[in-house]
Amino acid sequence: MTTAATALPLLALRITAGPVELRGITDDLLGPLADLATDIHDPDFMPFSFPWSLTPAPDMPRNVAQYHWSKRASFSPAQWNADFAVFYDGELVGSQGFGTKDYLVTRGGETGSWLGRQFQGRGIGTAMRQVICAFIFDHLDAEYITSSAFHDNPASLAVSRKTGYTDNGTERFNRLGKPAIMRRIILEPANLVRYKHDLTVEGVLEFRKSIGLDQDEEAAEEKAPEK
Ligand SMILES: CC(C)(COP(=O)(O)OP(=O)(O)OC[C@H]1O[C@@H](n2cnc3c(N)ncnc32)[C@H](O)[C@@H]1OP(=O)(O)O)[C@@H](O)C(=O)NCCC(=O)NCCS
């Protein structure tokens, strides 16, 4: 049966590793994610380069939904985002994403993530980052993954270090009108610190095709004479 996931295989992608599950963000998850997003950090600290988390609570459902709908609308092999809802022991806890441009050429992209505040500091951020990085290297043939965090975000920098990322320079950002140092970091496959549980992946063949991988095999199959 043709479904929304036929149009966008990301919606049916599921990655499971022990208690961690990453699911493509279907419409039914947008409201619960928006609820979690209303409490990610203290009001006097901004971890994100774009301060979307300051959106007033009544506007958060539209903000979160429009962000994900816009990423769906512009999804193509030339530029795509794979954002996942993260479940831990079956409970929705936050979001983990990977975004890239010209992936077929560059074979790399950038991770980003957040957890509802009540789920922070329990090792879940490290687990979900280790899981997505293993997925991107093992199942999508990536050759590097970058990330970045403001200098005063020790939790995010610790997660990156514990996943195997190394320093890759700094950049000065305009953070809410004041200069702030963004630390850039990079992970190569050999440095990945793997999560203690193996990954089980559903829907990856369709997803690979949707980002332009496996086109040669598909063309070869079409050309092959029928037996
Ligand atoms: C960043 C984030 C995803 C990390 O997830 P998490 O589950 O809280 O992180 P973990 O529990 O896996 O690990 C955090 C590590 O940071 C360390 N840490 C946290 N606060 C720290 C501090 N103030 N100083 C030093 N280290 C700190 C912890 O000790 C832990 O390391 P350890 O296990 O070696 O002790 C989560 O905290 C979050 O959503 N923060 C708000 C949004 C955000 O910053 N997103 C990232 C934007 S770049």
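The values are calculated or read from the model by the stated rules, or taken from the named source; none is laboratory data. What you are looking at is a predicted structure, and each value in this text was computed from that prediction instead of being measured. Cβ sites come from the backbone with ideal geometry, for glycine too, and all protein chains shown count toward neighbours. The area values use the complete protein model at the heavy-atom level, side chains included, leaving out ligands, DNA and RNA. Shrake-Rupley method; radii C 1.70, N 1.55, O 1.52, S 1.80 Å.
Only one of these is open to solvent by 50 Å² or more (accessible area, probe 1.4 Å), part of a helix (DSSP H, G or I) and in contact with a Pro (Cβ under 9 Å, 6 or more places away or on another chain): L30, L104. Name it.
L104
Could you please give the count of residues in the stretch 141-172 that are open to solvent by 70 Å² or more (accessible area, probe 1.4 Å), part of a loop (DSSP other than H, G, I, E, B) and away from the ligand (no atom under 12 Å from the Cβ)?
So the count comes out to 1.
How about the stretch 9-27: which of its residues are surrounded by fewer than 19 Cβ atoms within 10 Å (Cβ to Cβ) and part of a loop (DSSP other than H, G, I, E, B)?
Answer for the stretch 9-27, where residues must be surrounded by fewer than 19 Cβ atoms within 10 Å (Cβ to Cβ) and part of a loop (DSSP other than H, G, I, E, B): G18, P19, T26.
Anything in the stretch 138-193 that is within 15 Å of F98 (Cα to Cα), in contact (Cβ under 8 Å) with a residue 60 or more places away in the chain and touching a helix residue (DSSP H, G or I) at 6+ places or on another chain (Cβ under 6 Å)? List them, or say none.
Answer for the stretch 138-193, where residues must be within 15 Å of F98 (Cα to Cα), in contact (Cβ under 8 Å) with a residue 60 or more places away in the chain and touching a helix residue (DSSP H, G or I) at 6+ places or on another chain (Cβ under 6 Å): H139, A149.
Those residues that are within 11 Å of the ligand (Cβ to nearest atom), over 21 Å from A190 (Cα atoms) and basic (K, R), I need them from the stretch 87-140; list them, please.
Once the filter is applied, which keeps residues that are within 11 Å of the ligand (Cβ to nearest atom), over 21 Å from A190 (Cα atoms) and basic (K, R), the stretch 87-140 yields R117, R122.
Looking at (1) open to solvent by less than 10 Å² (accessible area, probe 1.4 Å); (2) in contact with a Leu (Cβ under 7 Å, 6 or more places away or on another chain), which is the only condition R183 fails?
(1)
Which residue pairs have Cβ atoms closer than 7 Å, lie 6 or more positions apart in sequence or on different chains, and pair a first residue in the stretch 100-120 that is more than 19 Å from S148 (Cα to Cα) with a second residue that is within 16 Å of the ligand (Cβ to nearest atom) and among the charged types (D, E, K, R)?
G116/D39; R117/D39
I need the full set of residues from the stretch 33-67 which are open to solvent by less than 20 Å² (accessible area, probe 1.4 Å) and away from the ligand (no atom under 16 Å from the Cβ), in order please.
Residue satisfying the conditions is A65 alone.
Please specify each residue of the stretch 81-101 satisfying the condition of being assigned to a strand (DSSP E or B), over 13 Å from the mean Cα position of the chain (by Cα) and within 20 Å of R14 (Cβ to Cβ).
F87, Y88, E91, L92, V93
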